[in-house]
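The values are calculated or read from the model by the stated rules, or taken from the named source; none is laboratory data. Here the structure is a predicted model, which means the values were calculated and not measured. Cβ: placed from backbone, ideal geometry, glycine included. Neighbour counts: every protein chain shown. Quick note on the areas: whole protein, heavy atoms, side chains included, nothing else; ligands and nucleic acids left out. Shrake-Rupley method; radii C 1.70, N 1.55, O 1.52, S 1.80 Å.
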Amino acid sequence: MSPTANTTYTAFTGWVDPPADIRPPLRENLTCSVAVLGGGLAGLATALRLAEYGLDVVLLEAEFCGHGSGSRNAGQLASAPGGDIQLLNLLYRKRMPAILRLTENAAGHVEDLIDRLGIDCDYEAVGNVFAAVSRGQLRRTRRITKILRRAGAHVEQGSARELGIPHGFLGGMREIRGGIMNPGKLLRGLRRAVLASTVRVFEQSRVVDIVRGADGVTIETREGLVRAQRVVLATNAYAGEWDITPKRLSSPMWVTEVETEPIAPERLAALGWSSRSGLITQHNIMENYRLTARNTIVFGVRRIERASDYPLPERTPDPAVVADLAAGFARRFPTLADVAIDRAWGGWIGITSTWLPVASSLGADVYYSLACNGHGLAQATYIGSLIADRIATGATPEDLRAIWVDEPGFGRAVPAIMGRTGLRAAWAVDRFNDMINGSKRNARKGFAAAPRGSMTRA
Ligand SMILES: Cc1cc2nc3c(=O)[nH]c(=O)nc-3n(C[C@H](O)[C@H](O)[C@H](O)COP(=O)(O)OP(=O)(O)OC[C@H]3O[C@@H](n4cnc5c(N)ncnc54)[C@H](O)[C@@H]3O)c2cc1C
């Protein structure tokens, strides 16, 4: 039977159920000091920090806090930047130490938050590995290790055995800081903390318009209005739905994750995955794999889909993408090829052409924190809290300066190469390389396994 025959497709996430206590919508006109739009990682972290400064905060969330990618991601808390690090180094060589300090501090910030708020999210501080499936990918991880070390990052290069990653991988580079978690539980914990704070939270309150005026910003939902001195736009991929958002700030992409059925502990132990580090391959479009606390493997990406237009639709994954992910899993973990895929989900993320997140403001009243290029679990949370620091103190924290731009009127959306045809081509090149590498490996195995003199056999 196909491993995807009984897969459940969900329009939310496989990690947790939606909250049972969703807050009522805004049905009045309010004033506040700061309005935070979007109750994801960025929005919750910003609101919480602003409340800690004693500011009067209103948070508006379209569905319920944690409805977006925050609860849907793979739960790999990364400490390196997202995207193509070699390209990042080419564009921002001088700034790399500051960027690395930001991304490593971001992972540390989330670890501290989990501790401080006592959030049970199955966090394991085991790092994440840039795992190579071919010699070419291994060489690439060595180049990346050099770049990151030069920038002061905490990374280590090693073989699969040294890194304690599954036998099917050749080795790679571990980001020592960070780890893996259940992100749905993290969001549930952050939501609880914000609900318990002084922040006035309105869920089921989709923001439909934002207008700047002489005496502040007016934010309109379907049934109410908020007048705020300042506003923080923290809706990530969805921000392009508003007229106020500069065009071409980032491009929304759909990413899919799936989870296997529970796997017998002895079968998992036989993989050689002793470090439990999360894995990210070095394809054009990465594959991610990670163990969970419920003895399953969550994996995904491999194909990403660009949105055709706003508004971004509520959707479930494409069955063809899920079948392709299952095929990739069988290839990387041949001993688990019979394991069924229990569930599949996905979410919208924001991608920029520079691979840097967007943190900026329009004047002194509209702030942005968006588009962490698939690395927002650490970065969106940290950047959100740094923006709160800037609003509350008037000074830009040093880590925020690494990515801050004065006016977000620049073209950061990804170019056409990341359009549907370009993404399809990138996926096809990855599969072609997989095929070539598979043949080379089989040839090497056949040669090694052949008894002496057998090359002359008929
Ligand atoms: C499948 C998948 C796997 C991923 N894996 C990883 C990973 O392993 N590690 C990692 O670091 N990152 C990963 N990411 C990326 C990470 O999840 C995002 O970068 C992060 O969630 C961004 O946080 P955010 O708060 O900016 O946005 P979100 O978490 O998406 O939150 C945005 C919120 O805004 C709300 N909203 C939208 N429109 C409106 C509106 N008009 N009015 C009010 N509210 C609105 C939404 O409902 C949502 O709650 C992954 C993402 C996906 C989808």
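Considering all different alpha carbon pairs of the range 45-102, the Kirkwood hydrodynamic radius works out to 14.8 Å. Helices meeting the span-like rule in the chain (full DSSP H runs, Cα extent of at least 15 Å along the helix axis, mean Kyte-Doolittle score of 0.0 or higher): 41-52, 96-117, 183-195, 319-332, 376-393. When each of the peptides 329-335, 180-186 is scored by the mean number of other C-beta atoms lying within 10 Å of its residues, the order from highest to lowest reads 180-186, 329-335.
Entry note, the chain: relative contact order of 24 percent, from Cα contacts under 8 Å with a spacing of 6+ residues.
Would you tally the net charge around residue 267, using a Cβ to Cβ cut-off of less than 13 Å, leaving residue 267 out, and scoring K and R as +1, D and E as -1? Please report the intermediate quantities before stating the final value.
Values: positive: none; negative: 261, 266, 338.
Charge balance near residue 267 sits at -3.
When peptides 164-175, 391-402, 105-116, 369-380 are sorted by average Cβ neighbour count within 10 Å, with the highest value leading, the order is 369-380, 164-175, 105-116, 391-402.
Annotation for the range 82-142 versus the range 213-242: alpha-carbon center distance of 32 Å. Bridging of residue 440 to aspartates and glutamates at a Cα separation below 12 Å is possible for none of them, once same-chain residues fewer than 8 apart are set aside. Note on the range 12-417: with neighbouring protein chains present and a 1.4 Å probe, carbon and sulfur make up 50 percent of its accessible heavy-atom surface. Given R0 = 35 Å, the distance between the Cβ atoms of residue 420 and residue 261 translates into a calculated FRET efficiency of 0.60.
Rounded to the nearest 5, the antiparallel percentage of DSSP beta bridges internal to the chain is 65%. Less than 5 angstrom separates the built amide H of residue 59 from those of 36, 200, 201, 202, all sequence-distant by 5 or more or on a different chain.
Residue ranges 153-163, 344-354, 427-437 sort as 344-354, 153-163, 427-437 when ordered by packing (mean number of other C-beta atoms within 10 Å per residue, highest first). Can you tell me how the range 90-189 classifies by the Cα gyration tensor, rounded, prolate or oblate, using a/c under 1.5 as the rounded cut? Since a/c reaches 1.5 but b/c is at least a/b, the shape of the range 90-189 is classed as oblate. Taking 7 Å steps out from each Cα toward its Cβ at residue 143 and residue 340 produces label points 4.4 nm apart. Built from the Cα atoms of the chain, the convex hull projects on average onto 23.0 nm², one quarter of its surface area.
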